[in-house]
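Visitor: This is the structure, below, for whatever I ask next.
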Amino acid sequence: MAAAPPKYVYRFSEGSREMRELLGGKGANIAEMARLGPPIRVPSGFTVTTEACIAFLEAGGAVTDDLGRQIDAALGELEEEAGRRLGDPSDPLLISVRSGARVSMPGMMDTVLNIGLGDEAVAGLAERTQNERFAWDSYRRLVQMFGNVVAGIDGMLFEGAIRAARSQRGASLDTELETDDLRSLVEEFKRIFLEQTGREFPQDPRRQLVEAVGSVFESWNGARAIEYRRLNGIPDDWGTAVNVQQMVFGNRGDDSGSGVAFSRDEITGAPRPSGDFLGNAQGEDVVSGTRDTSDLEEMAEMLPEPHRQLIEIVESLERHFGDMQDVEFTVEEGTLYMLQTRTAKRPPHAAVRVAADMVEEGLLSREEALSKIDAAKLEALLHPSFDPEFDLDPLARGVPASPGAAKGRIVFAAERAVEQAAEGERVILVRPFTEADDVAGFHAAKGILTSEGGKASHAALVARGMGRPCVCGASALDIDLEAREMRVDGTLLREGDPIAIDGTSGVVSIQDVPLVETEMDRYFQTVLDWSDEFGRLEVRANADRPADAVNARRFGARGVGLCRTEHMFLGDDRQAVMQRMILADDETARRDSLAELEPLQRGDFEGLLAVMAGMPVTIRLLDPPLHEFLPRAEDLAVEIERRVATGGRDEAVERLEGELHRVRQLEETNPMLGTRGCRLGLLFPEVYEMQVRAILAAAVAVREREGSAPELEIMIPLVDYERELVAMRELVERTAAGVVEGLGAEPVPFSVGTMIELPRACLIGDRLAAHADFFSFGTNDLTQTTLGFSRDDSEGRFLTEYLRRKIVSRSPFETIDTDGVGELVRTAVERGRRERSDLALGICGEHGGDPDSIAFFHGAGLDYVSCSPFRVPIARVAAAQAAIAAKV
Ligand code: PEP
Ligand code: MG
């Protein structure tokens, strides 16, 4: 005997909220409302499942006999319940067909309303409703929607016909068209349908229904829906369900209307329902925005009883679903119908307030409330943003690399950013990409915009660390640094022109977009306090300067997980000495420059340690390739040429030639794989020695001043071999002992650990652990070296295509590549702890601020994550969510 065919169709009374995979989010929630019963009234109907969608698409877009039979049976029951038949010439049943995927994809897929009308049924509808205009308007909408959505006819053809009818009547609104106009329009629409498709508009209502269901299924594979899924990480194989529902009409007179409502204020999250209502109108009129809507208080005056019921229902739905709801409703001749309910989307500050309030109101436990927050969006709460009400016309788009919005005048060079900021100008630093010596410009600028690079590029990293908004990789920008101008498509922008960037969305605009400020309010504080109770992972911050450390503490970091000491060598007073040190011909000359740098470096550490008093501070010895601090060879060559041409050869030229020679000597083809990290410490031990002396002396001074010693952790970067670590540890311990002895001070306790940021280091985790007190995973370099993807430019180049073609679902520089990089992390953890059970484990790459990666690190058994100060709140919430999710 053949197996029973799968059940493809569920009446609303058969479903429930648990069935969203099968019935889609909308179908499952409608079923749940139907199950709850009075006072909730849901128009009858049924859902065709997501499995039917997949089967339909697999069958090449055909409604199988099985599916057809099941739809017929459900339709029969619906007709019985409604007491009307589809296509009945005297009193027709009208139905709507709407898509409803597992997660809501607003506006992405198709809807067809008023199915069941035809040349005969329209008269029946007019008769029953005693409203001929309404009947013909409904028929007109059906032919238009069916033609557009199901038959794929260009919507402009119908719009054009409506416009012609309006001008003939001398009307400015569709509502001013009269019955005869609408009747003629239906004829015109049917003519368009025939002309465009080569067939008559189908009069058979069952055919209308089946074709509409098929077209909603097909819309799952429409370009818009595919793009939406790609952007939101929704799998292609989920399919969409279709909801078939009896139509109710909000345009039946003054005792009717349609609206949307939220169980709490959708903008602020305040605990009172809010919404929009339109009297004598259908739902699509509310969303289309063509008529001015009323708020719910005005609705209370127009329709007091339906309003009272609506508020009661919305509040009960929120209690039932345990989350803020967003509903659509229609009032037909005084009777309130609920059409759908779903979890309300809300801006991050509202999300936080709702979570805090719901716990206070006893609706949710703290764990439940925390789990409902989208941690990744929280960073926006700490930065200003573009006013969401503003009618934005983007000039270009790039990678949203560091959130927050900023406006200012364009400058194309870091020095000019510094100069102009000193004069009180607000500037945006615009560069093809940025480098270490642009950092002073970052401080001066309100925001950074680059045409190249991605989320892990230099610009992105530094900007995030400082909390400066940044858009990277806006490839439409054609920047001419010499001419101090850029072209963006047809627009020419010069230095000094105004520009606005939004690092949360990646949008660039030349409009004067208003910015709205945000505050860390008491609700946010409450949510963060709860997070710390539940989270197991400790959250530290990456902070290089005292100002970063102040932010780190403000946002609740429990220490500094990474101080990149190289950033301390930038700035006018240091860079020149640093250059002299690097360019020195011999060790003695190098030591002289280092002696000049040492007190400055000690001062930096004192500042940082004082802010972080009592907390762990991990200071990493110098990491980047030295030539990052030097002038560019081309610039030097040009300068030499200019001097020779104007004044001939002199001493200055010879000095510059010496510099050029040394710069060329230091140049490397792959500097990120070159002389950097602990390789510097091995080649130029005097540099690391100077840093260790400065650290220890600073710690002694802070201990004297503050009365307690900071928890010092000294970290060695880019270790590959056990012997590198052994040598560096010996250097650190020997130098530290020398400092303490020299000062005649009590020893300062410190630990020595290593960055784990190369695959080899992960694999020999046990051998490294024998010489390390802690491991800190540098997942930026680990991702770069594991995948062989350049952290500086992959995102602006091939990764975009990789994402589009779904070779990867997320940028591995944003969310940890669990199969590759993650496996190496697990290996290092397991081998490291095997050797040394008390080995402290952290991560300080950019992934430390990404919620999905944080969940992975929780599972991998790390002790802490460290991220840029502005990401600390995200990490605290994400750490709690990971711990809560792991418990259930
Ligand atoms: C890393 O590589 O992940 C890291 C934290 O170090 P940096 O970004 O400074 O190379
Ligand atoms: Mg690194």
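Visitor: Using the structure shown, decide if residue 500 is more than 16 Å from ligand 1 (Cβ to nearest atom) and without any contact (Cβ under 8 Å) to a residue 60 or more places away in the chain.
Guide: Answer is no for this residue.
Visitor: Spot the failing condition for residue 4; the list is (1) within 29 Å of the chain's Cα centre (by Cα); (2) open to solvent by 80 Å² or more (accessible area, probe 1.4 Å), and only one is missed.
Guide: (1)
Visitor: Right, another one. Please name all residue pairs, on different chains or six or more residues apart, with Cβ atoms under 9 Å, provided the first residue is in segment 634-661 and is in contact (Cβ under 8 Å) with a residue 12 or more places away in the chain and the second residue is open to solvent by less than 30 Å² (accessible area, probe 1.4 Å) and assigned to a loop (DSSP other than H, G, I, E, B).
Guide: Within 9 Å, the pairs are 636/630; 659/630.
Visitor: Also: Pick from segment 70-95 the residues that are in contact with a Gly (Cβ under 8 Å, 6 or more places away or on another chain) and open to solvent by less than 10 Å² (accessible area, probe 1.4 Å): which of them is farthest from residue 229 (Cα to Cα)?
Guide: 92
Visitor: Does segment 791-800 include one or more residues that are touching a Ser or Thr at 6+ places or on another chain (Cβ under 6 Å), assigned to a loop (DSSP other than H, G, I, E, B), among the acidic types (Asp, Glu) and within 16 Å of ligand 2 (Cβ to nearest atom)?
Guide: Checked against the condition, which is being touching a Ser or Thr at 6+ places or on another chain (Cβ under 6 Å), assigned to a loop (DSSP other than H, G, I, E, B), among the acidic types (Asp, Glu) and within 16 Å of ligand 2 (Cβ to nearest atom), segment 791-800 yields at least one hit.
Visitor: Out of the residues in segment 773-790 that are more than 10 Å from ligand 2 (Cβ to nearest atom), assigned to a loop (DSSP other than H, G, I, E, B) and at pLDDT 95 or above, state the one that is farthest from residue 541 (Cα to Cα).
Guide: This residue is 788.
Visitor: Looking at (1) over 18 Å from residue 332 (Cβ atoms); (2) in contact with an Asp or Glu (Cβ under 9 Å, 6 or more places away or on another chain); (3) open to solvent by 10 Å² or more (accessible area, probe 1.4 Å), can you tell me which one residue 279 breaks?
Guide: Going through (1) over 18 Å from residue 332 (Cβ atoms); (2) in contact with an Asp or Glu (Cβ under 9 Å, 6 or more places away or on another chain); (3) open to solvent by 10 Å² or more (accessible area, probe 1.4 Å) one by one, residue 279 breaks only (1).
Visitor: Return yes when residue 468 is within 21 Å of residue 509 (Cβ to Cβ), more than 16 Å from ligand 2 (Cβ to nearest atom), at pLDDT below 85 and open to solvent by 10 Å² or more (accessible area, probe 1.4 Å) and no when it is not.
Guide: Yes; evaluated as a whole, the condition is true for this residue.
Visitor: Next question. Considering every residue within segment 851-859, establish whether at least one is in a loop (DSSP other than H, G, I, E, B), at pLDDT 95 or above and within 16 Å of ligand 1 (Cβ to nearest atom).
Guide: No, the conditions are met nowhere in segment 851-859.
Visitor: Here is a follow-up. With the structure loaded, tell me whether residue 590 is of a type in the set (Lys, Arg), touching a residue at least 40 places away in the same chain (Cβ under 8 Å) and within 16 Å of ligand 1 (Cβ to nearest atom) or whether it fails that test.
Guide: No, not satisfied.
Visitor: Got at least one residue in segment 850-872 being among the hydroxyl-bearing types (Ser, Thr, Tyr) and surrounded by fewer than 24 Cβ atoms within 10 Å (Cβ to Cβ)?
Guide: So far as segment 850-872 goes, no, none of its residues is among the hydroxyl-bearing types (Ser, Thr, Tyr) and surrounded by fewer than 24 Cβ atoms within 10 Å (Cβ to Cβ).
Visitor: If residue 709 passes every condition in (1) outside any helix (DSSP H, G or I); (2) aliphatic (A, V, I, L, M); (3) within 16 Å of ligand 2 (Cβ to nearest atom) but one, which one does it miss?
Guide: (3)
Visitor: Between a residue in segment 762-786 that is on the phi < 0 side of the Ramachandran plot and among the acidic types (Asp, Glu) and any residue that is outside any helix (DSSP H, G or I) and more than 10 Å from ligand 2 (Cβ to nearest atom), which pairs come within a Cβ distance under 8 Å, given they are 6 or more apart or on different chains?
Guide: Matching pairs, first to second residue: 773/713; 773/751; 773/752; 773/753; 773/839; 773/840.
Visitor: Could you list, ordered by first residue, the pairs with Cβ atoms under 8 Å in which the first is in segment 384-400 and under 14 Å from residue 499 (Cα atoms) and the second is of a type in the set (Asp, Glu) and crowded, with 20+ Cβ neighbours inside 10 Å, at least 6 apart or interchain?
Guide: Pairs that qualify, where the first residue is under 14 Å from residue 499 (Cα atoms) and the partner is of a type in the set (Asp, Glu) and crowded, with 20+ Cβ neighbours inside 10 Å, are 386/502.
Visitor: Search segment 530-574 for residues being in a loop (DSSP other than H, G, I, E, B) and of a type in the set (A, V, I, L, M), and hand back the single one that is modelled with the lowest pLDDT.
Guide: My answer is 570.
Visitor: Only one of (1) away from ligand 1 (no atom under 16 Å from the Cβ); (2) crowded, with 16+ Cβ neighbours inside 10 Å; (3) of a type outside the set (A, V, I, L, M) fails for residue 618. Which number is that?
Guide: For residue 618, the exception is condition (1).
Visitor: Scanning for something surrounded by fewer than 21 Cβ atoms within 10 Å (Cβ to Cβ), among the acidic types (Asp, Glu) and over 34 Å from the mean Cα position of the chain (by Cα), does segment 621-628 turn up at least one residue?
Guide: Checked segment 621-628: no residue is surrounded by fewer than 21 Cβ atoms within 10 Å (Cβ to Cβ), among the acidic types (Asp, Glu) and over 34 Å from the mean Cα position of the chain (by Cα).
Visitor: Follow-up question, since we're still on this one. Go through segment 30-54 and report how many residues are free of Cβ contacts under 8 Å to residues at least 60 places away in the same chain and buried (at least 24 other Cβ atoms within 10 Å of the Cβ).
Guide: Of the residues in that region, 1 qualify.
Visitor: Within segment 13-29, can you find the residues that are open to solvent by less than 10 Å² (accessible area, probe 1.4 Å) and within 20 Å of residue 209 (Cα to Cα)?
Guide: 23, 24, 27
Visitor: Before we move on, is residue 579 away from ligand 1 (no atom under 16 Å from the Cβ), assigned to a helix (DSSP H, G or I) and open to solvent by less than 30 Å² (accessible area, probe 1.4 Å)?
Guide: no
Visitor: Is it fair to say residue 546 is open to solvent by 10 Å² or more (accessible area, probe 1.4 Å) and either more than 25 Å from the chain's Cα centre (by Cα) or aromatic (Phe, Trp, Tyr) (or both)?
Guide: Yes, satisfied.
Visitor: Just give me the residues in segment 790-805 being within 13 Å of ligand 1 (Cβ to nearest atom) and out of contact with any helix residue (DSSP H, G or I) (no Cβ under 6 Å at 6 or more places or on another chain), in sequence order.
Guide: Matches in segment 790-805: 790, 792.
Visitor: When you check residue 261 against the structure, is it at pLDDT below 95, surrounded by fewer than 21 Cβ atoms within 10 Å (Cβ to Cβ) and among the hydrophobic types (A, V, I, L, M, F, W, C), yes or no?
Guide: It is false that residue 261 is at pLDDT below 95, surrounded by fewer than 21 Cβ atoms within 10 Å (Cβ to Cβ) and among the hydrophobic types (A, V, I, L, M, F, W, C).
Visitor: When you scan segment 732-739, do you find a residue that is within 16 Å of ligand 2 (Cβ to nearest atom) and touching a strand residue (DSSP E or B) at 6+ places or on another chain (Cβ under 7 Å), even just one?
Guide: Scanning segment 732-739, I find no residue that is within 16 Å of ligand 2 (Cβ to nearest atom) and touching a strand residue (DSSP E or B) at 6+ places or on another chain (Cβ under 7 Å), so the answer is no.
The values are calculated or read from the model by the stated rules, or taken from the named source; none is laboratory data. The structure presented is a predicted model; accordingly, all values stated were derived computationally and were not measured. Methodologically, a virtual Cβ is constructed for each residue, glycine included, from the backbone with ideal geometry; neighbour enumeration extends over all protein chains shown. Surface areas here come from the heavy atoms of the whole protein model, side chains and all, with no ligands, DNA or RNA. Shrake-Rupley method; radii C 1.70, N 1.55, O 1.52, S 1.80 Å.
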